1. Quick one: B:Leu91 ticks every box in (1) at pLDDT 80 or above; (2) surrounded by fewer than 18 Cβ atoms within 10 Å (Cβ to Cβ) except a single one, so which number is it?
2. What residue, among those in the range C:100-136 that are touching an Asp or Glu at 6+ places or on another chain (Cβ under 8 Å) and within 7 Å of chain B (Cβ to nearest Cβ), is farthest from B:Arg186 (Cα to Cα)?
3. Can you tell which of A:Ala223, A:Ala216, A:Ala188 is away from chain C (no Cβ under 13 Å), buried (at least 20 other Cβ atoms within 10 Å of the Cβ) and either at pLDDT 95 or above or not in a loop (DSSP other than H, G, I, E, B) (or both)?
4. In the range C:177-195, how many are over 25 Å from A:Tyr247 (Cβ atoms) and at pLDDT 90 or above?
5. In the range C:215-227, which residue that is touching a residue at least 40 places away in the same chain (Cβ under 8 Å) and more than 14 Å from chain A (Cβ to nearest Cβ) is surrounded by the fewest Cβ atoms within 10 Å (Cβ to Cβ)?
6. Scan the range C:316-333 for residues that are in contact with a His (Cβ under 8 Å, 6 or more places away or on another chain) and more than 11 Å from C:Leu344 (Cβ to Cβ) and jot them down.
7. Being crowded, with 24+ Cβ neighbours inside 10 Å and within 16 Å of C:Ala66 (Cβ to Cβ) is the filter here; which residues of the range C:170-214 pass it?
8. Does the range C:137-156 hold any residues that are assigned to a helix (DSSP H, G or I), more than 14 Å from chain B (Cβ to nearest Cβ) and surrounded by fewer than 19 Cβ atoms within 10 Å (Cβ to Cβ), and which are they?
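The values are calculated or read from the model by the stated rules, or taken from the named source; none is laboratory data. Not measured: the values here are computed from a predicted model. A quick note on method: Cβ atoms are made from the backbone with ideal geometry, for glycine too, and the neighbour counts reach across all protein chains shown.
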Amino acid sequence: MTLLEVRDLHVWFDLSGSRQLHAVQGVSLDVDAGERVGLVGESGCGKSTTILAILGLLPSSASVAGEVRLEGASILSPEEEVARPHRWRDIAMVFQGAMNALNPVKTVEAQIVEPMELHGTAEGAAARKRAGELLEMVGIAPSAGARFPHEFSGGMRQRAALAMALACDPKVLLADEPTTALDVMVQAQILELLERLARDLGLSLILVTHDLPVVAQVCERAAVMYAGEIVEEGAMERLFHSPRHPYTRMLFAATPDLYGDEDVLSIPGSPPRLDRGIVGCPFRSRCDRAFDRCERERPVLRWVEGGGSAACHLNDLPAGASAGST
Amino acid sequence: MGVRADMSDELLDVEGVPAVGESGNWFLRVLRESRQAQIGLAVLLLFVILAFLAPWIEPYDVHTRVGPIYAPPSIHHPFGLDDGGIDMLSLLIQGGRISMIVGFAATLVAMVIGGGIGLVAGYFGGWADGVLMRITDYFIVIPDLPLAIIVAAVWGASLTHLIFVIALLLWTTTARIVRAQVKSVRERVYVKRSRSLGASDLRIIFRHVLPQIGPLLMANTVLTVAVAIFDETALAFLGLGDPTSITWGNIIEFAFLRTAISSGAWWAVIPAGLCVALMIMACFWLGQAIEDALNPRLKVAYVSPRVFRLLPPMTQGPR
Amino acid sequence: MSGVVATGALSPSAGETRAPLLDVRDLVVTYPVRRGIVGALRREPRRAVHAVDGVSFSLRRGEMLALVGESGCGKTSTAQAILRMIDPVSGRIAVDGLDITRLSHRELRRTRRAVQMIYQDPYESLDPRFRVRQAVEEPMLIHGLGGDRRERHRRIMEALARVELTPPAMYLDRFPHELSGGQRQRIAIAAGLVLDPALLVADEPVSMLDVSVRAGVLRLLDGLRRAGDLGVVMITHDLSTAARFADRIAVMYLGRIVEEGRATEVVRDPRHPYTQALLSVVPKRDPRDRATPQILGGEPPNPIDVPRGCRFHPRCPAVQDRCRSIDPELRSATSIEHRAACVLVEPWMESARPRGER
């Protein structure tokens, strides 16, 4: 059953001089109950903006179009009455750098209780009891809740941020670069925790990151974003073993593997500017297999063999045909 | 560790637009983008030009009586006459000149003292920092007005003394701001890199630190001018200024002393006060606009109560 | 063109057996922890952060050594000590045979040309007000090198070409904010190269860059050390990067090297339990590659309170009783170069000899 549906999401940001930055260009994403989906891309691709849009947390300089539906109900709206009831109770988020954004003058327990009281799911002693349970769930001794964030290590603060996100028992958890600033071992602990929680609580998880191996480890499915749009989407295994978009393929090739023998690639060039309209495929200037159709026509996401979709003209060519024959 | 994938990349670095203060012509950019800065600078320039041209444009000589005492405004004298029958407009123009000279000069002295102390304390730290900051604290703690009164009384009233008294009141703020900025710049990676390469302190100060704190210093200077002019007015009004010179503050003071209010001669008081107020406002607007521009995050709140616009369905986009 | 080091006073004996480019022996770096008045009154013992607690390694020209470890392991402090940005408490650091451990800062000027650091943050390591030309020129101006303007200009162009920013003329007048992260990092490397150094110390050179540009910069460093006879010490937390680009890896934990050797050996046949655990938790690209990770409990401990005995024993999955009291030395494990500091390591020399010969 599809829990969260994002349909044709666009986000523009106002820039100085009446220009606009088209940060998200028609993103559609479905997440089923209990599914773990990765949203992968490099800086500037629009992945963080996308999940902020899902929660409705964009500033006044943003213009949004499209739909976000949770269990069928539309939740994308600047009206607080529409969006707010779902925030934290249905969809919650662990922000990028959350472990550095904890309130230094409140105890950890108080910060976990806060969303419960704000959203009316519990209060007083009952809330504190649940806070203790949440702390235990994330691997922190409940008694440590009386301490302040600066007394926690980085990994523990990230766990605390996770507990805060889970305070109102949401159905969907959005995690933005949850392990980026952490050591490898602590990262492993947090990822294992995320996986376990998702399973035990039946959570759906959208994991936003630039780190492909992290997504490969935690998620069953992933969407790769480039220049504001999803360029490929599918099961992790298919993405790795038979990618259908050159960017996906090259991104994997650019990620060094511990034991592999192949050369580690770099992708020449840089992403296109998003404050101007894009003609043709946004990846064509860096693609090693671009041909003339890529200059004229922007590819759309289409179903591909093996499941999932990709936005690349190469997939339209009959099998065996070379790119020269158009 | 980790890639800087936060929203600021998507918002600000579109065409590699620099943060203000990080390239040569930042001042022009601030001017271009801020209506507030434009107005502030325009008013400021207007006053400065008028003051500069004072000897040529004042309609009447400021020492010659041209009419009855407290004559009301008329066509020949748009601001009336003062208690000595002297044209108010000429007085205002001349007064503006002196007031601004005092204001700018006091600011300059304050900048030099405060900037120097802040620079040394911030850059070298250690005991120099401790000593200098204790001295600064001492000056902050001393109440402004009694200090001014005592210095004026002991030293005598003259413009030069006035300038120094005001500078004495102003330098501490500059010192603290400069120190904080210098400390932070000193910790930047590129400064550490220069030091590890063996660059001398002098080189680092002149090539890295000063250019980086330049914009902030500029904003602080402009704002200090506002305070300096206000201080001059206040001190003159209290009779601590130079009674032989013509400043806006003196004009107001004389008007009060010479019963302008009870005579109903508002034109002897209000225009001068307005000039001071306008000048201060202009400085504030310009200075604040520069400060705001240097700190863009003050203006944009990412996760804020202000919400986004939702466009109706079936749109291609706002363009 | 060989570096300043080879021709200057730093290399007194240019004989057959050349000293290694970098030789670090028993390096110790500690930072005192301030007690404060209350602590002093209560007579609490003075504590110190034992950032580096006896580290030894050497590096030859043309080699790349990766110092790998988690936060608190001392890799950054080691790098800073090599550059004399902080002063070691004891030990010896020698660059091309010259002991620089206790040289005064004036005497260090020459070494400062020979050893250059590349910093982690490409957004911060360049002065935003300097154009590229000025950023690359500055080291020369500081050291009074490069004669006249034309000579300096030539060197700048040469440095830019070496870091593959072509055509160099296009970059000269740009400001850092006009360049991407990868380009900025290349500028930083160019500024380091302009003095013809012998040793580059790269502190997480690519961790703040996008994945698609990392390999380019790493391959640049790799190429530089092969072509220019440079030595590179690369500090990184990313084992995959270390495994693919470095010749040798030294794994650090709480101020010590716990395992070192050829990169391929350390990665394929780790002998220290910490290395084994670390390698097992590195996420793999292939979703089918699901070896069971050995996730250690707890966090990397504080270098203020170093455990007695083996410093890893509180978290070690293979801990034995004797580990609480023995502080193991590095011992050769699978080859003479591959060493690990663990009681479980059977010394290579002994086990290699046939039984009868003992």
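1. Going through (1) at pLDDT 80 or above; (2) surrounded by fewer than 18 Cβ atoms within 10 Å (Cβ to Cβ) one by one, B:Leu91 breaks only (2).
2. This residue is C:Met117.
3. Working: A:Ala216 fails: away from chain C (no Cβ under 13 Å); A:Ala188 fails: away from chain C (no Cβ under 13 Å).
The match here is A:Ala223.
4. Residues meeting the conditions: 9.
5. Out of the qualifying residues, it is C:Arg226.
6. Looking only at the range C:316-333, we keep the residues that are in contact with a His (Cβ under 8 Å, 6 or more places away or on another chain), and these are C:319, C:323-324, C:332.
If the condition is that a residue be in contact with a His (Cβ under 8 Å, 6 or more places away or on another chain) and more than 11 Å from C:Leu344 (Cβ to Cβ), then C:Arg324, C:Ser332 are the ones that fit.
7. Of everything in the range C:170-214, those that are crowded, with 24+ Cβ neighbours inside 10 Å and within 16 Å of C:Ala66 (Cβ to Cβ) turn out to be C:Leu199, C:Val201, C:Ala202, C:Pro205, C:Val206, C:Arg214.
8. Step one: filter the range C:137-156 for residues assigned to a helix (DSSP H, G or I), giving C:137-143, C:149-156.
Among the residues that remain, those that are also more than 14 Å from chain B (Cβ to nearest Cβ) are: C:149-156.
Within the range C:137-156, C:Arg149, C:Arg150, C:Glu151, C:Arg152, C:His153, C:Arg154 meet the criteria.
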